[in-house]
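Read through the structure below, which is laid out as structure tokens, and then see the notes.
The values are calculated or read from the model by the stated rules, or taken from the named source; none is laboratory data. All of these numbers come straight from a predicted model, not from anything done at the bench. Neighbour counts run over all protein chains shown; Cβ positions are idealised from the backbone, glycine included. Accessible surface is based on the protein model in full, side chains and every heavy atom, while ligands, DNA and RNA are left aside. Shrake-Rupley method; radii C 1.70, N 1.55, O 1.52, S 1.80 Å.
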Amino acid sequence: MCKQDSLIPQIGVITKVKTETPDVKTFSITDIEGKKAFDHKSGQCAMISVPGVGEAMFSITSAPTNTKLMEFSIKSCGVLTSYLHTLGDESQVTIRGPYGNAFPLEEFKNKDLLFIAGGIGLAPVRSVINFVLDKREDYGKVDILYGARSYDDLVFKEEISQKWPDEYKTQVHLTIDSPQEGWSGNVGFVPAYLRELNVKNDKMVIVCGPPIMIKFVLEELRNLGFEKEQVYTTLELRMKCGIGKCGRCNIGSKYVCKDGPVFRCDELDSMPGEY
């Protein structure tokens, strides 16, 4: 459930825009006083709007340990997102939140973690990864498996190639769908690479990506002996109004805005059809 003040929009100031891929940019946003607009937990979302253009829900990709600002990695795929991609430093939007539940970071303590993401699905997962790495002594080994269609479509290139691999007991496994000139890493889809890595089934798993990727990743995890109770995912793309009133996030008896967007994978069994 959201708090009452999360319904009230604030003026947000874009302090930095970073191009991640040809169609993804990361926006750093503060309030009008140059401070973080509100506190959040990893997995939660915020509503960003531009009056006269539109509004939409986006996952917060920065970690709660970043106390200065929030970051949003946004793919240009519609009227609002295309407009946001035209904005630069000092541009203003409105922002409100946070919305939804969060990943159970307390439950993850002292356990090994496996993060699996595809494409822009790394955006909400990045918040959890950076929180864990900022609180490194509280968590076990970290494995990050990330893939995209091509090298150009990999987001957060500096972190995945330089920062994260240098962290204590942290391994990054990258893959792209098809061969590409200059790419010397793994080639193949994320589920196939997961099978090849043959990871031990003693970890907690966080998964985010296209629905078809999640479907086959869950199959591979079952084949490796993982229980659904070990696996969490986020359905943040289904978040709409944020408070469960519009009904557009409804899946069976669940409202993603109210009950999610983070779900343990055994909870998905009660949801009909594609999630």
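Within the stretch 163-190, the residues that satisfy the criterion of being in a strand (DSSP E or B) and within 12 Å of residue 146 (Cα to Cα) are 171, 172, 173, 174, 175, 176, 186, 187.
Listed by first and then second residue, the pairs linking a residue in the stretch 193-211 that is free of Cβ contacts under 8 Å to residues at least 60 places away in the same chain to a residue that is among the acidic types (Asp, Glu), with Cβ atoms under 7 Å apart and 6 or more places separating them unless they lie on different chains, are 195/220. Scanning the stretch 213-224 turns up no residue that is within 19 Å of the chain's Cα centre (by Cα), closer than 30 Å to residue 54 by Cβ, of a type in the set (Val, Ile, Thr) and open to solvent by 70 Å² or more (accessible area, probe 1.4 Å). Would you confirm, using the coordinates I've provided, whether residue 56 is farther than 20 Å from residue 91 by Cβ and among the aliphatic types (A, V, I, L, M)? It is false that residue 56 is farther than 20 Å from residue 91 by Cβ and among the aliphatic types (A, V, I, L, M).
Residue 53 meets each of the listed conditions (1) of a type in the set (A, V, I, L, M, F, W, C); (2) out of contact with any Ser or Thr (no Cβ under 8 Å at 6 or more places or on another chain); (3) closer than 30 Å to residue 197 by Cα apart from (3).
All conditions but one from (1) farther than 25 Å from residue 71 by Cβ; (2) touching a helix residue (DSSP H, G or I) at 6+ places or on another chain (Cβ under 8 Å); (3) at pLDDT below 95 apply to residue 213; the one that does not is (1).
Among residues of the stretch 40-53 being open to solvent by less than 50 Å² (accessible area, probe 1.4 Å) and not β-branched (Val, Ile, Thr), the one that is farthest from the chain's Cα centre (by Cα) is 49. Residues in the stretch 191-212 that are open to solvent by 20 Å² or more (accessible area, probe 1.4 Å), closer than 16 Å to residue 149 by Cβ and assigned to a loop (DSSP other than H, G, I, E, B): 210 alone.
Among the residues of the stretch 73-86, those that are open to solvent by less than 20 Å² (accessible area, probe 1.4 Å) and either in the same structural domain as residue 209 (by TED's automatic domain parsing) or of a type in the set (Ser, Thr, Tyr) (or both) comprise 73, 81.
In summary, residue 93 fulfils each of the numbered conditions (1) in contact (Cβ under 8 Å) with a residue 12 or more places away in the chain; (2) surrounded by fewer than 17 Cβ atoms within 10 Å (Cβ to Cβ); (3) part of a strand (DSSP E or B) with the single exception of condition (2).
Taking (1) under 24 Å from residue 141 (Cα atoms); (2) open to solvent by less than 30 Å² (accessible area, probe 1.4 Å) in turn, residue 236 satisfies each apart from (1). Just one of (1) small (Gly, Ala, Ser); (2) within 19 Å of residue 144 (Cα to Cα); (3) in a loop (DSSP other than H, G, I, E, B) fails for residue 244. It is (2). Only one entry of 265, 249, 257 meets the criterion of being in contact (Cβ under 8 Å) with a residue 24 or more places away in the chain, within 30 Å of residue 8 (Cβ to Cβ), surrounded by 15 or more Cβ atoms within 10 Å (Cβ to Cβ) and not polar (S, T, N, Q), and that entry is 257.
Let's see how each residue does on (1) part of a helix (DSSP H, G or I); (2) open to solvent by less than 10 Å² (accessible area, probe 1.4 Å); (3) among the hydrophobic types (A, V, I, L, M, F, W, C):
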site	(1), (2), (3)
20	no, no, no
29	no, yes, yes
34	no, no, no
38	no, no, yes
55	no, no, no
71	no, no, no
101	no, no, no
106	yes, no, no
115	no, yes, yes
